[in-house]
Amino acid sequence: MASFLGETGEFFDQWHGGTLGTFLKNGTFEILFQLKLMNHESSYLRLAQPLILLGFWVFSLTLAQAQDLSNLDEGPNFKVSGGLNVNQVFYATTSDVQRRDPYNYFLGGNISVSAFGLSVPLSFSYSNQNFSFSQPFNQYGLQPTYKWIRGYIGYNSLNFSKYTLAGHIFNGVGVEVNPDLPFSATVMYGRLRQAVPLNSEEANAQPSYRRMGWGVKLAYTPNGDKYELSLFGAADDTTSLFIDPRDSLVPPDLKPQQNVALGINIAKRIGDRFNLTLEYGNSSLTRDLRSPKVESRTLQQVYQPVRYLNGLSPRKTSTAYYQAIKGGFSANLTVLTLGVGYERIDPGYATLGAYFFNADLENLTANVSTSLFDNRVNIAINGGGQRNNLDNEQASSTSRFVGSASVSGQVSERLKLNLNYSNFQTFARVQSRDQFAFVNSLSEFDSVNVDTLTFVQVNQSGSLSASYVLSTNKDHPMALVMNASYSGSSERDNEEAPSATFYNLSTAYSYKNQANGLGITAAANATVTVQDTLRTTQFGPTVSANKSFFEKTLKLNASISANRSLSNAAGASGWLNNFRISGNYQLRERHQFRLNTTVLNRPKPGEASGRQTEFTANLGYSFSF
């Protein structure tokens, strides 16, 4: 392999003047050297070497062709683009206490320089409070493309499957081949995490081993179906971090890990009416590479497909196997659309190709929808449940049930109604693991319920909305909208039963003059909130108008609202008045000016009769090139 790539480099020396050939030869041998360094810790990389190096060689060949055919003949195609933003904020108040500084300014900008299909973005921001500058050279990634081949160099991320490689950033190389055929393939190799040494002087430093990873994804997509197979592996380099076992600053969870994850994703159409989806994940995770090896296999290991990838998945005392499955089925019948879904993830399931993963859960969902009366009435019903603590090893378990229903109907050409309802329930049960201590401390009459604590939470919400078109004139449309909603939550455990209820009623009238760009809206809103013994009512009107001038280059908007608040809590009642005016002016295509002002008059916090007025203005300018 090495000699073959070396000869290939000699060929490119003659073809491209030596630059690419030298990079191909030196870069390839450097990756060979990196892989051999890791072989003493990760034997599975021996099997991955040919595939990784082949992918890298294909990428290098592709990059050479892309430069020769696409960029060099067309020239550098040098471009510079960016923008500049300036914002000033003015603030004044009649109160003795100011909620913000009287004056702030913000200056920000960005610039992007591109040539030969590559771009380098830069950005900065400056204010009277701080200054920041960002440039991408500390984490910069390239994605050169040629026809149906895409390369990845430097910092990039790929998504194979939620159970294998799921968007984790890597620093390395990758190739994605997606021809005009029902076949595609993607390979990657790179560093997932750099080594961070122990440093007692920096309390926030998180020590870690250097972690390298590789991945392969193959896809077959005939006639709209999808069959995907992905394999991902990662391992920590035990020589990248020195740890003294006697050091008290060593975190207990700082251990070199190794992972191999297998993913299968299938999407199949059955006829014209049925669809089937299936996603499966199998992960082998060694939580401490320093743990001793084991030779025997347990019954649980026998049914793990990743276990049979000889040389890829080690067997050690800290090695565990996990499985995950997610499936769905939908049917589009003549009058009904049905769907069911199921997902189960083993407790402890993890992959080193994802930053975060939810495990120990089981979901079951179902939905049905239909349309009646020539699609004038639409009905949809959804329901599902979720539970955790699948192995009954946790002290607490939680079950959730959710259901929702919606009905929408076009009553007439002008009237439309929508009705929605949802119910969300959570049941939590906590079991004591030290039952003898509780039994000995209570009487014989209380010992019946000593080992469990039940918690129930119920959230319900419903809404009814109606819209009526007052005028169908396209030059002067008018409409009336009304909405009523309710939501309530209650919690119940062994002692208390707190609850909260929320009611809202709103209506709005809108008018638009298409000829002169004038729009007017008048609205009213009322809200009632009840929580235990506290009751609060808020109501009031709002009027707004907007107008465009000079061929819509200047847009003005003004609104005024007055809201009355009534509450049985001391000092919580009063009027809240708000006036806003804003303008936006577009000068040609590159310049934009903005002005937003707000005047707020409200009761002083903590006082029964005092009031205060606040003024805020935002003046901004932006320029793009």
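Every number in this text was worked out from the coordinates using simple rules, so none of it is lab data. Keep in mind the model is a prediction, meaning the values are calculated, not measured. A quick note on method: Cβ atoms are made from the backbone with ideal geometry, for glycine too, and the neighbour counts reach across all protein chains shown.
Full extension of the chain segment joining residue 551 with residue 183 gains 127.3 nm, where the gain is 0.36 nm per residue of separation less the Cα-Cα distance. Counting beta carbons within 10 Å around each of 575, 214 and listing the fewest first gives the order 575, 214. Of all lysines in the structure, those lying under 29 Å Cα to Cα from residue 79, and not within fewer than 8 positions of it along the same chain, are 147. A Förster radius of 41 Å, combined with the Cβ-Cβ distance separating residue 578 from residue 530, puts the computed FRET efficiency at roughly 0.95. Full extension of the segment from residue 460 to residue 221, taken as 0.36 nm per residue of separation minus the current Cα-Cα distance, would add 81.8 nm. Quotient of the Cα radius of gyration of region 484-589 and 2.2 N^0.38 Å, N being its number of residues: 1.57. Spin-label model, residue 107 to residue 424: label points 7 Å out along the Cα-to-beta-carbon direction sit 4.6 nm apart.
Exposure proxy for 312, 333, 229: other Cβ atoms within 10 Å of each Cβ, ordered fewest to most, give 333, 229, 312. Here r is the Cβ-Cβ distance between residue 594 and residue 99 and R0 is 25 Å; the resulting FRET efficiency, rounded to 0.05, is 0.65. Taking label positions 7 Å along the Cα-Cβ direction at both residue 124 and residue 196, the computed distance is 2.9 nm, reported to one decimal.
Over region 229-269, the alpha carbon radius of gyration divided by the compact-protein estimate 2.2 N^0.38 Å works out to 1.94. Could you tell me the calculated FRET efficiency between residue 491 and residue 468, based on Cβ-Cβ distance and R0 = 45 angstrom, to the nearest 0.05? Using R0 = 45 Å, I get an efficiency of 0.70. With a threshold of 29 Å on the Cα-Cα distance, the over-threshold entries among 547/604; 217/268; 555/604; 226/293; 162/268 are 547/604; 555/604; 226/293. The distance between label points at residue 143 and residue 401 comes to 4.5 nm (points 7 Å beyond Cα on the Cα→Cβ vector). Taking 0.36 nm per residue of sequence separation and removing the Cα-Cα distance, the residue 612/residue 413 pair yields an extension gain of 66.8 nm.
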